[in-house]
Amino acid sequence: MLAVAVVAGSVLVLPYLLFDVDASRISSRNEVHRVLLLVHIFTAMAALVLGPLQFVPAIRARRRAHRVIGRAYLFAGVLPSALAGIPVAALSVNGPVTQIGLLIPGIAWLVTGGLALRAARRRDFAAHEAWMMRNYALTFLAVTSRVVAPLLVLAQLPIIDSVYGGSADAAIEATIPIGQWLGWIINLIIAEILIRRKASRAAPRSTPTPPRLSRRTPRPLGGAVR
Ligand code: HEM
């Protein structure tokens, strides 16, 4: 997962490294929007790469390292990236499906991060891990949505003439917002499955209690009750 995060994050961030307006894959409404987008992108990159380290058992075993990386993930990654990403979503020039589809995970990013931190402070480590898994599922939307959208475009090739007048650009433009929604929905479903599977494995197996003998219970032949 770390390798996927580093490669995908680098591909995503590369066009913005030179602060060249023309290299941006999306247009901004004004200078403030552009600066917020850049803050969002660079801090999101930190979250994307730091997140998987927290699931490496060797790092988790070293509590100090886990705590330092966790704080960097939340306070240098998720928090600034979400605070910048929420207005960026509201200002998006790509229409209401993108705006709402990214506002919801942006807010959920802050909420799940806060709940994860609160659970850690209460030393409820099972809840902390579950909230962190949900939080990273939201972070990883950047990767999943960019995998899902091209797949959806490919799936629509047979209908590209009838629905999009043969325009691949129109198909891509219409499909990207759907990919943005699916990116976080798919990730949250996977996270929820993993969390439940982990919880059911951790739950102690209930040992069947032997039935209590009541007066009415017929004694086995021979009279001995084992
Ligand atoms: C909950 C997580 C995230 C939310 C809510 C979010 C939100 C947004 C929003 C609203 C936009 C502008 C989209 C538009 O106007 O069309 C955007 C763009 C962008 N985001 Fe995020 N984002 C998240 C995670 C990430 C992560 C982890 C990265 C990794 C580096 C990332 C990298 C980018 C990039 C590079 C863009 C510019 C568009 C592009 O070049 O494809 N985002 N994001």
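What follows is calculated from the coordinates using simple rules that are stated; it is not laboratory data. Just so we're clear, the structure is a prediction, and the values are computed from it rather than from any experiment. FYI the Cβ positions are ideal-geometry reconstructions off the backbone, even for glycines, and counts take in every protein chain you see.
Note on the chain: with a GNM built from Cα contacts shorter than 10 Å, the maximum mean-square fluctuation among Ser92, Ser145, Ser167 falls on Ser167.
Output the relative contact order of the chain, whole-number percent, from Cα pairs under 8 angstrom with separation of 6+ residues. Show your work: numbers first, answer last.
Working: 215 pairs, mean separation 35.9, N = 226.
Over the chain, the number comes to 16 percent.
Separation of segment 77-155 and segment 1-74, taken as the distance between their Cα centroids, equals 12 angstrom. Here the 3J(HN,Hα) profile of segment 155-162, calculated from phi with Karplus coefficients 6.51, -1.76 and 1.60 at θ = phi - 60°, is 5, 8, 3, x, 10, 5, 6, 6 Hz, Gly and Pro shown as x.
The phi torsions of segment 116-131, fed into the Karplus equation with coefficients 6.51, -1.76 and 1.60 and a -60° offset, translate into couplings of 5, 5, 4, 5, 5, 5, 7, 6, 9, 6, 5, 5, 4, 5, 4, 5 Hz, rounded to whole numbers, with Gly and Pro shown as x.
Let me know the shape class of the chain, please: from the alpha-carbon gyration tensor, a ≥ b ≥ c as square roots of the eigenvalues, rounded when a/c is under 1.5, otherwise prolate if a/b is greater than b/c, or oblate. Intermediate results must be reported in sequence, preceding the final value.
Working: a/c = 3.17, a/b = 1.87, b/c = 1.69.
Taking the square roots of the gyration eigenvalues as a ≥ b ≥ c, the chain is prolate.
With Cβ to Cβ distances under 15 Å as the rule, what net charge do the other residues near Ala44 carry (K, R +1; D, E -1)? If you can, show how the numbers build up before the last one.
On the way: positive: Arg25, Arg146; negative: none.
That works out to +2.
Among the trypsin sites (Lys or Arg not before Pro) within segment 12-99, those in coil by DSSP and having at most 16 neighbouring Cβ atoms inside 10 Å are Arg25, Arg29, Arg62.
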